[in-house]
Amino acid sequence: MGKESSLAPRAPETPVSPLQAALASRAGTILATLGIFLCACAVFWSTRTYAFLNWDDKVYILTNPWIKALTWENVQAIFTRPYFQNFLPLHLFSYLLDHALWGENAGGYHLSSLLIHALNSVLCFLVVRRLSGDAGIGLVAALLFAVHPAHVESVAWVSSRKDVVSTAFLLLSLRSYLAARRGGALRPLPVAASCAWFLLGMLSKVSVAPLPAFLLLWDRMPPGRGGRPLPWVPALLSKIPYAIIAGVLILVNSRAQVTAQAAYAHEPIRYLAVKGHAVWNYLALLFGREGNPDYDLPGIGGSAASAVDLAGLLVLPALAYVLFRWKRRLEFLGVAWIFLMLLPALLFPLVTYMADRYLYAPSIGFCWAVTAGLAGAGAWERTLRSPRAPAAGLAVLILLSGFALRTVSYSKIWKDSESLWTFAATKSLDYRVFNNLADVRMQQKRWKDAERLLKRAATVENVTSYQSLGVLYYSLHRYDEALQATDRAIEIQARKRPDPTLEAELHFNRGAIVWLQGQNARAVEEWRRSLSLDPRHAQAREWLKIAGAK
């Protein structure tokens with residue numbers, strides 16, 4: 001009987017596709033990571049030749065005193081003091097390292113952002129492979145992430161370095177946590193490593209704060225059949241260190257950051273409608289719609305339009321619920337990741353109501369959810385011989401090629417300030433677009449064009465338009481108009497949150513104007529005020545010496 005029973009038919013083994021077999025080997029993994037890295041580099045390679053932009057790059061890099069030399073004093077300042085209304089020390093530290101390597105060569109900074117993005121694409125592969133247990137899904141998801149057009153702003157704009165740096169630490173934190181699971185328990189060392197990576201991510205950009213909420217979902221939805229969820233008590237206790245890190249750094253940044261002053265930010269229903277409208281736009285961007293450097297605040301109209309906008313806030317949770325009910329675990333986790341990682345942009349009234357860069361980390365969930373959906377439809381996780389596999393494979397090729405072509409095309413717009421703001425002016429009526437394009441025209445000495453743009457921007461009360469008009473009129477020797485515009489800028493700034501650096505520059509400008517009008521004593525007074533606001537203001541110090549003042 002024993003021999004007869006040993007001859008009983010055995011259940012057929014699940015066939016393994018050639019792709020799975022190839023990626024299962026060490027050589028296959030190395031080739032996959034190399035291919036992903038090279039794809040990410042290829043679509044963004046042209047950014048190495050791009051210039052700095054007149055959109056925060058000057059503040060973060062060209063005039064940032066803390067990155068000019070790799071000294072202990074500068075490192076201490078970066079890690080202990082807010083800068084430009086943020087406390088994101090690792091973001092600034094990356095510029096310090098760049099300056100040590102490249103000086104003020106913009107191409108070097110762009111190369112650094114490009115390489116970090118390529119690294120993130122590889123990390124995406126490693127994380128999704130572990131999340132899904134399928135190297136094929138990890139590979140395709142990582143390739144989609146590598147070439148996604150929604151990432152152009154984060155990679156091609158040096159000042160958006162915080163997005164690529166924080167996402168690197170975010171993925172490292174997630175990977176460490178995934179490695180910590182052993183049955184129904186967590187190993188302490190990988191969890192500690194995950195917390196350390198999370199801290200570094202929060203020091204790069206606080207938008208990674210929702211990670212522990214995703215980890216809690218993962219705890220309760222273990223991979224594989226028969227997997228045991230982590231009990232609620234240890235699952236929640238293990239998130240306390242993450243919550244402490246996130247809470248402290250959110251509090252620090254909330255005291256430094258500027259929130260939106262627009263009326264919608266103080267009207268709850270309109271605020272929710274605006275953010276719901278943003279979600280619909282984010283979904284369009286995730287599916288490949290061309291991006292935009294600046295988005296106009298939408299006009300929230302009648303009840304029907306408002307209802308559609310408000311529904312945007314529910315679409316991701318509703319989709320996640322449906323996928324959960326259908327037991328589509330990986331797709332559910334992907335949609336949950338998108339929603340959770342978008343929460344900081346949705347919950348906080350930021351100055352920009354939406355931006356392409358806010359999608360950099362959330363898009364990881366989109367890439368793995370779409371890939372998992374196509375894998376299920378084509379059944380490639382089981383075999384490439386499925387009759388649906390060619391259609392799913394074709395869909396992947398269309399997505400990859402379409403994303404890559406759009407990325408290459410759209411990234412060219414970011415090559416310099418003139419190209420960027422000329423394009424943006426065709427898409428937006430935001431006064432900041434006209435201010436930035438006017439700055440380009442002033443550099444080109446196209447004074448009439450610059451004046452026209454600044455006056456158009458000044459229809460919305462803001463400091464920058466009048467400050468720039470003051471500089472323009474000063475350059476044209478129209479000193480009375482220059483003084484009038486500068487006084488207006490100071491008047492507007494006085495009603496806003498104190499900004500000593502900006503106020504120092506405005507008072508220096510007013511001193512320069514009245515000096516040429518022969519009001520020397522008043523000029524000295526303005527320059528002293530400038531130095532009292534910003535002791536590092538070198539021009540104010542220099543002109544006080546020229547004036548013979550102490």
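The values are calculated or read from the model by the stated rules, or taken from the named source; none is laboratory data. What you see is a predicted model, and the numbers here were worked out from it, not measured in a lab. No Cβ is skipped: glycine too gets one built from the backbone with ideal geometry, and neighbour counts run over all protein chains shown.
Details
- Test: TRP66 is in contact with a strand residue (DSSP E or B) (Cβ under 8 Å, 6 or more places away or on another chain), on the phi < 0 side of the Ramachandran plot and of a type outside the set (Asp, Glu): yes
- Annotation note: of LEU330, LEU314, LEU319, LEU342, the sole residue that is at pLDDT below 95, of a type in the set (A, V, I, L, M, F, W, C) and assigned to a helix (DSSP H, G or I) is LEU330.
- If you filter the range 159-193 down to residues that are in a strand (DSSP E or B) and touching a residue at least 40 places away in the same chain (Cβ under 8 Å), you find that the one that is nearest to ILE244 (Cα to Cα) is LEU186.
- Meets criteria (in a helix (DSSP H, G or I), touching a Ser or Thr at 6+ places or on another chain (Cβ under 8 Å) and modelled with pLDDT under 95) for ALA265: yes
- Single match in THR33, THR63 (criterion: in the same structural domain as HIS99 (by TED's automatic domain parsing), at pLDDT below 95, under 24 Å from the mean Cα position of the chain (by Cα) and polar (S, T, N, Q)): THR63
- The residue pairs whose first member lies in the range 117-141 and is closer than 15 Å to CYS41 by Cβ, whose second member is polar (S, T, N, Q) and surrounded by 23 or more Cβ atoms within 10 Å (Cβ to Cβ), and whose beta carbons are closer than 7 Å, counting only pairs six or more residues apart or on different chains, are ASN120/THR167.
- The listed residues are ALA168, ALA180, and the only one of them that is more than 18 Å from TRP368 (Cα to Cα) and assigned by TED's automatic domain parsing to the domain that holds LEU97 turns out to be ALA180.
- Filtered residues of the range 188-218 (kept if touching a Gly at 6+ places or on another chain (Cβ under 8 Å) and over 24 Å from PRO229 (Cβ atoms)): VAL208
- Just one of the numbered conditions (1) surrounded by 18 or more Cβ atoms within 10 Å (Cβ to Cβ); (2) within 14 Å of HIS99 (Cβ to Cβ); (3) among the aliphatic types (A, V, I, L, M) is not true of ALA69: (1).
- Whichever residue in the range 475-507 is surrounded by fewer than 18 Cβ atoms within 10 Å (Cβ to Cβ) and of a type in the set (S, T, N, Q) and, among such residues, is farthest from the chain's Cα centre (by Cα): GLN484
- From the list LEU97, LEU115, LEU119, LEU101, the lone residue that is surrounded by fewer than 20 Cβ atoms within 10 Å (Cβ to Cβ) and touching a Cys at 6+ places or on another chain (Cβ under 8 Å) is LEU115.
- Each residue in the range 314-362 was checked for being charged (D, E, K, R) and free of Cβ contacts under 8 Å to residues at least 40 places away in the same chain, and 2 of them qualify.
- Helices (runs of 4 or more DSSP H) lying entirely in the range 409-504 (those with 1 or more residues that are modelled with pLDDT of 95 or more and either outside the structural domain of ALA538 (by TED's automatic domain parsing) or of a type in the set (Val, Ile, Thr) (or both)): 417-425, 431-443, 463-475, 479-493
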